[in-house]
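The values are calculated or read from the model by the stated rules, or taken from the named source; none is laboratory data. All figures in this text were calculated on a predicted structure; none of them were measured in a lab. No Cβ is skipped: glycine too gets one built from the backbone with ideal geometry, and neighbour counts run over all protein chains shown. Note: accessible area is taken over every heavy atom of the protein model, side chains too, but ligands, DNA and RNA are not part of it. Shrake-Rupley method; radii C 1.70, N 1.55, O 1.52, S 1.80 Å.
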Amino acid sequence: MPESKQDTNQFVSIPWEDGTADNFYLNFSYVISTGTITISSDKNSSNIVRTKTLVFKGATDDETQNTQASVYLHITQQVNNLVVATFVDTTSIYNNVKAGNSI
């Protein structure tokens, strides 16, 4: 199946900020066709476990930048280069219920 023009070269580079020039990458290339965002990283040249937390917010008003509930994506890269991404402390906007907890 051929790639659509919407599914090519759409990524963001974010520095680890750990004293190296290493970055990790959010690849949005297939978000339109599959809904998938992949996360990768340069080889871990720091020789330490490194982490970064990103916050995703939905804007409700262009002028005031008021936001809806936030979700936190915690990205960890191990010394062996394994990259693990997990959502943490995800709270429902209804009844302040954390994701995964029973009601």
Review point. How do the pairs read when you match residues in region 34-53 that are farther than 12 Å from VAL84 by Cβ and of a type outside the set (D, E, K, R) with residues anywhere that are open to solvent by 60 Å² or more (accessible area, probe 1.4 Å) and outside any loop (DSSP other than H, G, I, E, B), using Cβ under 6 Å and keeping only pairs 6 or more apart or on different chains?
Key: THR53/TYR72
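Do we find that ILE32 is modelled with pLDDT of 90 or more, surrounded by 11 or more Cβ atoms within 10 Å (Cβ to Cβ) and aliphatic (A, V, I, L, M) in this structure?
Values: modelled with pLDDT of 90 or more: no; surrounded by 11 or more Cβ atoms within 10 Å (Cβ to Cβ): yes; aliphatic (A, V, I, L, M): yes.
Spelling it out, it is not the case that ILE32 is modelled with pLDDT of 90 or more, surrounded by 11 or more Cβ atoms within 10 Å (Cβ to Cβ) and aliphatic (A, V, I, L, M).
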Revision key, fill the gap. Per the list (1) at pLDDT 95 or above; (2) surrounded by 13 or more Cβ atoms within 10 Å (Cβ to Cβ); (3) in contact with a strand residue (DSSP E or B) (Cβ under 6 Å, 6 or more places away or on another chain), residue check on SER13 breaks on (2)
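Of all residues in region 85-103 being modelled with pLDDT of 80 or more and surrounded by 12 or more Cβ atoms within 10 Å (Cβ to Cβ), which is farthest from ASP42 (Cα to Cα)?
Looking only at region 85-103, we keep the residues that are modelled with pLDDT of 80 or more, and these are 85-88.
Add one more test, that the residue is surrounded by 12 or more Cβ atoms within 10 Å (Cβ to Cβ), and what stays is 85, 87.
Numbers: ALA85: 15, PHE87: 21 Å.
Only one residue fits best here, namely PHE87.
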Practice item. Would you check if there is a residue in region 38-57 being on the phi < 0 side of the Ramachandran plot, open to solvent by 60 Å² or more (accessible area, probe 1.4 Å), modelled with pLDDT under 90 and part of a loop (DSSP other than H, G, I, E, B)? Key: no
